[in-house]
Amino acid sequence: MVPRLDIVIPVYNEGGNILRTLAALGRDLKTPSRILICYDREDDDTLPAIEANRDKLTTHPVEFVRNKARGAHSAVMTGFAHSTAPAILMYPADDDYNAGMLDKMVQKAEQGCDIVCASRFMPGGSMTGCPWLKALLVRGANFTLHHIARIPTHDASNGFRMFSRRAIETIVVESDSGFCYSIELLVKAHRLGWTIGEVPARWFERAHGQSRFRVLRWLPAYLRWYLYAFATTYLRLGAQTVPMKKA
């Protein structure tokens, strides 16, 4: 069956998390999908954990994709380049609780949304256990982006997000660090006037493994796209200012 969704999961020693996540996707996701495990090194403990349990992973095919470089950003970009489905999702390796809402994201994508945000800050969503500094920055940035910059989602900063093939193949990604590509694609799609949707999602501070999210290190890169969103709204900058890939 041809997948309607490619799920990109960047990993770094997620052996303690990945089987629960894959089990949740197999149990709760009904859309025909392919899972792309994007890794840096052959000694990543995620790989043997999956290989030892392949006979149990029968619902959605799982493929290993070697990162062309190193780090979270490059892993996601490599996964996007490897994808072929109409919709592409970046999904966290430790998320074994949101799989049941992915079909709703696919439905919105198939109804015309170029980006579908998993929103922690709309009714039905939640963020639990977040360190206070990260929570302050994330909540403050998302509140102002939605209510002042008028980005049509309550959660502009979440890396857990679905993209159309048009977005992946058309918009040039200028970011090169962390998960900044996600807010960049969002604000550029908004400037183009493309349709953006959202569904409620839950978020919990991870219990196993080490997060690759670095708030202070990536803050300057995020700030660039934060200001970009305000420029779209208040300086009336339009589609002609969005870099596009050459055909």
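Bear in mind that the values in this text are calculations on the coordinates, not laboratory data. From a predicted model like this one, the values you see are computed outputs, not experimental measurements. All Cβ positions, even for glycine, are placed from backbone atoms using ideal geometry, and neighbour counts span all protein chains on display.
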remark   = For the table K56/K104; K108/K134; K30/K108, the rows whose alpha-carbon distance is greater than 23 Å are K56/K104; K108/K134
query = Where does the charge balance sit around P243 when Lys and Arg score +1, Asp and Glu -1, over other residues with C-beta under 9 Å from its C-beta?
reply = +1
request  = Work out Dmax and Rg for segment 87-203 from the C-alpha atoms and quote the Rg first, both in angstrom.
outcome  = 13.4, 37
ask   = If you place +1 on the Cβ of every Lys and Arg, -1 on the Cβ of every Asp and Glu, and leave all else neutral, what size is the dipole of segment 5-241 about its Cα centre, to the nearest 20 Debye?
value = 700
request  = Could you pull out every residue, at least 5 positions away or on a different chain, whose amide H is within less than 5 Å of the one on S119? Hs are placed 1.01 Å off N in the peptide plane, and Pro or chain starts have none.
outcome  = V199, A201
ask   = Which of the peptides 220-233, 173-186 is most tightly packed, and how do the rest follow, judged by the mean count of other Cβ atoms within 10 Å per residue?
value = 173-186, 220-233
query = If you bin every alpha carbon distance in segment 22-130 into 5 Å steps from zero, what whole percent lands in each bin?
reply = 2, 10, 19, 23, 21, 15, 8, 2, 0
query = Do the sum for the chain: with -39,500 (n - 2.57) for every DSSP H run of n ≥ 4, divided by all residues, what is the mean residue ellipticity at 222 nm, to the nearest 500 deg cm²/dmol?
reply = -11500 deg cm²/dmol
ask   = Which of the peptides 44-54, 195-205, 85-95, 234-244 is most tightly packed, and how do the rest follow, judged by the mean count of other Cβ atoms within 10 Å per residue?
value = 85-95, 195-205, 44-54, 234-244
task = Give, to the nearest whole percent, the P(r) tail of the chain beyond 23 angstrom, counting all Cα pairs.
result = 47
